[in-house]
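Every number in this text was worked out from the coordinates using simple rules, so none of it is lab data. Quick caveat: nothing in here was measured; it's all calculated off a predicted structure. When we count neighbours, we look across all protein chains shown, and the Cβ atoms used for this are built from the backbone with ideal geometry, even at glycine.
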Amino acid sequence: MNDWHGWAALVVFVGAYALIISEKIHRVAVALGGAGLMLAIGATDDVSAFYSEDSGIDWNVIFLLMGMMMIVGVLKKTGMFEYLAIWAVKRAHARPFRVMAMLVVITAVASALLDNVTTVLLIAPVTLLVCERLALPAAPFLIAEVMASNIGGTATLVGDPPNIIVASRAGLTFNDFVVHLAPLAAVLVAVLIALCRVMFRGSFVYDEERAAEIMALEEGEAIRNPRLLVQGLVVLALVVAGFVLHPVLHYEPSIVALLGAGLLVAVSTVDTSEVLAEVEWPTLAFFAGLFVMIGGLIDTGVVSEVSHELADLIGGSELGGSMTLLGGSAVLSGIVDNIPYVATMAPITADLVHDMGGSSDHVMWWALLLGADLGGNATAIGASANVVVLGIAERNRQPISFWQFTKYGLVVTAATVAVSVAYVWVRYFALA
């Protein structure tokens, strides 16, 4: 670490993290205060915090969220989410666990095609309406879905930002991800559903009267503005296509989302101020503060020091290295956002792969991604999607506390990482 600044930055980050966990001060105030302290002690500066590509605020994430929040805000006015809520409940015959299982599968599949933050932005309004209709607590459903989004996001190149970082560094293709990670992701979704049946068993209360009321509804009657719905879905389809065609078009997801939001506002009759009112500004402010704090850790060498210590532990064993990368990444990604973590670890992993002869199966890269993506489920701030869902829940008066999320997240992370360890060992070493 670089002199005393590294230790000071670590103290600021640990103190901010402790306050977020305690929930004695709102997490947005803590994140912004921590960011201010990082700047004040010289752990980072204005250039690194606001303009650097390697640390500081990731504006691609901020503007991606803003653009998608605006699109979702327009779609909410059409009645589309009410339609989907009624449709989902009717297909599950209003049985709470079946509803949760259906929403988990839909979320996981969507997260393989979209990034997981976009997916939870789309699915959360549906979930809130379903729970309201069935008089169920929303928190268990939202927690299950955000975990499904992080699991589903491991399956493809476009499913999670760390995947894109690794694909670029290692020269991996979309098909490589599908062949090596998609089968495991499908198994992990099944594991998650089984865990949900146990973890949230007290929430699956079947209300026969409410169920009968919903089964009698016609979902088509929920659509309030068909013309706006068509406009919104066309724009959403174009945005999704832009995400998927990133390797060809080379447009960042943030640019695609902002173009889509601007187009939708321009062609529709929705008032711009109403659309902007749907943006979760506190969530964006929290991300900005968190990015600056993590940037301070990167600039002072704290993250690099931790990463190099991990590299020293790995040594020259590919099996030991893969398992250490998987487990270590799962732990660290539960503490810091997995995007800067993977960005820091990617060059170190590249060196390790080169020193070990460059395995044709890219096992070290898969281990890094599995640990980083699945470890994001461990805590309430381990992944971007987690923070977004907590913000949506708070705004809709269904708050989810740090520990309420984390007590389930630790269980899910432990189980999914254990299955992943077995998968990596069997596929790349035992059967090799």
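Beta carbons within 10 angstrom, averaged per residue: use that to sort the peptides 190-202, 21-33, highest first. Don't jump to the answer; show the numbers that get you there.
Working: 190-202: 15.5, 21-33: 17.1.
Sorting 190-202, 21-33 by mean packing, highest first, produces 21-33, 190-202.
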Tail weight of P(r) past 14 Å, computed on alpha-carbon pairs of segment 205-263, percent: 68
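Find how much the distance from Val230 to Glu394 grows on full extension, using 0.36 nm per residue of separation minus their present alpha carbon separation; answer in nm with one decimal. Before the final figure, lay out each step's value.
Numbers: separation 164, 0.36 × 164 = 59.04 nm, distance 2.98 nm.
Between Val230 and Glu394, full extension yields 56.1 nm more.
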Chain lengthening between Ile335 and Phe204 when straightened (0.36 nm per residue, less Cα-Cα): 44.1 nm
Estimated translational D of segment 24-64 in µm²/s (Stokes, Kirkwood radius over Cα pairs; 4 °C; 1.567 mPa s): 117
Simple spin-label estimate for Lys407 and Ala277 in nanometres, 7 Å along Cα-Cβ: 3.7
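Relative contact order for segment 248-405: what is it in percent, counting Cα pairs under 8 Å that are at least 6 residues apart?
Numbers: 130 pairs, mean separation 35.1, N = 158.
It rounds to 22 percent for segment 248-405.
When the convex hull of the C-alpha atoms of segment 156-290 is computed, what volume per residue in Å³ does it have?
Values: hull volume 28.8 nm³, N = 135.
Dividing the Cα hull volume of segment 156-290 by its residue count gives 213 Å³.
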Percentage relative contact order, the chain, counting C-alpha pairs under 8 Å, at least six apart: 25
Fluctuation leader among Asn60, Asn386, Asn150 - the chain, Gaussian network, Cα springs under 10 angstrom: Asn60
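Report the full-extension gain for the segment His93 to Tyr251: residue separation times 0.36 nm, less the Cα-Cα distance, to one decimal in nm. Each step should come with its number before you reach the end.
On the way: separation 158, 0.36 × 158 = 56.88 nm, distance 4.21 nm.
Length gained between His93 and Tyr251: 52.7 nm.
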Of Ala285, Ala378, Ala155, the one that fluctuates the most in a GNM where the chain has Cα springs shorter than 10 Å: Ala285
Dipole axis of the chain (+1 Lys, Arg; -1 Asp, Glu on Cβ), positive-most option in Pro137, Thr173, Val230: Pro137
Whole-angstrom Cα spans of segment 1-133 along principal axes, big to small: 62, 30, 25
Overall Cα dimensions of segment 94-234, principal axis frame, Å, largest first: 55, 43, 20
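Stick to the Cα atoms of the chain, pair each with every other, and give me the Kirkwood hydrodynamic radius in Å at one decimal. Walk me through the numbers before you get to the answer.
On the way: mean 1/r = 0.0452 Å⁻¹.
Every distinct Cα pair counted, the radius reaches 22.1 Å.
Which whole-number percent gives the relative contact order of segment 88-244, counting Cα pairs below 8 Å spaced six or more residues apart? Show your work: numbers first, answer last.
On the way: 166 pairs, mean separation 46.8, N = 157.
Relative contact order of segment 88-244: 30 percent.
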